[in-house]
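Before any comments, here is the structure.
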Amino acid sequence: MAANNRRMSGKKGAQVGSGGQRRRGLEGKGPTPPAEMRKGHKKNRVANAKAKQLVRKPAPRGRGGKSSSEMVVGRNSVVEALREGVPASMLYVQQFIDNDERVREALQLAGERGGIHLMEAPRPELDRMTNGLNHQGLVLQVPPYEYAHPEDLAAAAYDEGQDPLIVALDGVTDPRNLGAVVRSASAFGGHGVVVPERRAAGMTAGAWKTSAGAAARTPVARAANLTRALESYKKAGLVVVGLAADGEVEVGDLEALGGPVVIVVGSEGKGLSRLVGETCDFRVRIPMPGGGESLNAGVAAGVVLYEASRRRA
């Protein structure tokens, strides 16, 4: 009877053949996903709605894309970049750095400008970021440059009631030449500079420094295909003028420079490429009584821009 009472007691135990189901039920199911990923959550609905809007929204026209970010390394280079107003988003300073005049000036300039974050980092981290370059404890991060679209340059000029004056560079690979052209364009009332997307100089820190601040006022556009961009300008009423040592017209005799015009400058060594040269309405030469063979892109662009500005005065 005692044995029967034990078998009929109200005690609960594991059922025969449960296979450990209760044990598995007590096991965790992993970390809770963020609210944006939990179905039915308000943040999940908001995230899905934003994603649908992005899919439906067409890509904005008038943008020429962005370049990649850049690192300026070394104490002298960083200080010069900050002096010249090169855009920057972050100044990395090595931990326990020797505090000389250049370091103090870099910190002062970054603080005075505002918008530049200061980050202290150990030397191994700076070595990794710069691929082993001699950074001397200072690294300045330059954000990607936002290029305009070539059509934006002419449209902006027409909106202001002016004839477009644009410079296009064909095969110019030295960023300093690009910076010099931007500076000349700004000085003589140009509305922008166009560069090809590939095999051409871009708006690097070196170009910014050479422009002496003009890059902040004069937009640079990037064209996927320079020949097509020039053809588009011609359809919009602009005259395409290419600079060539064997040009048929002297720059001082070309009346078209007084109207809507694109001045195309080739590389110092090869000049204009074949397709670009064939697209030009005029090929002009700069007379050089001194007998020089050629001018670099920055000087040549400055000469023609001056003549265009003189005719428009």
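The values are calculated or read from the model by the stated rules, or taken from the named source; none is laboratory data. As the structure is a computational prediction, the values presented were derived from the model and not from experiment. Cβ placement follows ideal geometry from the backbone for every residue including glycine, while neighbour counts extend to all protein chains displayed. The area values use the complete protein model at the heavy-atom level, side chains included, leaving out ligands, DNA and RNA. Shrake-Rupley method; radii C 1.70, N 1.55, O 1.52, S 1.80 Å.
When you look at Ala187, is it open to solvent by 50 Å² or more (accessible area, probe 1.4 Å), over 21 Å from Arg228 (Cβ atoms), among the hydrophobic types (A, V, I, L, M, F, W, C) and touching a residue at least 12 places away in the same chain (Cβ under 8 Å), yes or no? So Ala187 fits the description; yes. In this entry, Ala207 is excluded by the filter for residues that are aliphatic (A, V, I, L, M), open to solvent by less than 60 Å² (accessible area, probe 1.4 Å) and either over 30 Å from Glu268 (Cα atoms) or in a loop (DSSP other than H, G, I, E, B) (or both).
The residues listed here are Glu146, Glu197; of these, the one that is closer than 21 Å to Cys280 by Cβ, in contact with a Lys or Arg (Cβ under 6 Å, 6 or more places away or on another chain) and at pLDDT below 95 is Glu197.
When only residues in segment 246-263 that are over 23 Å from Ala313 (Cα atoms) and surrounded by fewer than 16 Cβ atoms within 10 Å (Cβ to Cβ) count, which is nearest to the chain's Cα centre (by Cα)? Break it down stepwise before answering.
First, the residues of segment 246-263 that are over 23 Å from Ala313 (Cα atoms): 246-248.
Restricting the remaining residues to those that are surrounded by fewer than 16 Cβ atoms within 10 Å (Cβ to Cβ) gives 246, 248.
Values: Asp246: 35, Glu248: 37 Å.
So the residue we want is Asp246.
The listed residues are Gly74, Gly137, Gly111, and the only one of them that is open to solvent by less than 60 Å² (accessible area, probe 1.4 Å) and without any contact (Cβ under 8 Å) to a residue 24 or more places away in the chain turns out to be Gly111.
When segment 143-177 is limited to residues that are open to solvent by less than 20 Å² (accessible area, probe 1.4 Å) and small (Gly, Ala, Ser), the one that is nearest to Glu278 (Cα to Cα) turns out to be Ala168. Screening Ala47 against (1) part of a strand (DSSP E or B); (2) modelled with pLDDT under 90 leaves a single unmet condition, (1). Screening Ala300 with (1) surrounded by 17 or more Cβ atoms within 10 Å (Cβ to Cβ); (2) at pLDDT 95 or above; (3) in a helix (DSSP H, G or I) gives one miss only, at (2). Evaluating Ala121 against the criteria (1) in contact (Cβ under 8 Å) with a residue 40 or more places away in the chain; (2) surrounded by 11 or more Cβ atoms within 10 Å (Cβ to Cβ); (3) closer than 19 Å to Ser77 by Cβ leaves one unmet condition, (1).
Answer yes if at least one residue in segment 219-236 is under 25 Å from Arg83 (Cβ atoms), open to solvent by less than 40 Å² (accessible area, probe 1.4 Å) and in contact with a His (Cβ under 9 Å, 6 or more places away or on another chain), and no otherwise. The answer is no; no qualifying residue exists. Applying the condition of being more than 19 Å from Glu250 (Cβ to Cβ) and touching a residue at least 24 places away in the same chain (Cβ under 8 Å) to segment 264-296 and asking which residue is surrounded by the fewest Cβ atoms within 10 Å (Cβ to Cβ) yields Lys270. Are there any pairs, at least 6 apart or on different chains, whose C-beta atoms fall under 6 Å, with the first in segment 249-263 and at negative phi and the second outside any strand (DSSP E or B) and of a type in the set (Asp, Glu), and if so, which? Partner pairs satisfying both residue conditions: Val251/Glu307; Leu257/Glu307; Gly259/Asp163; Pro260/Asp163.
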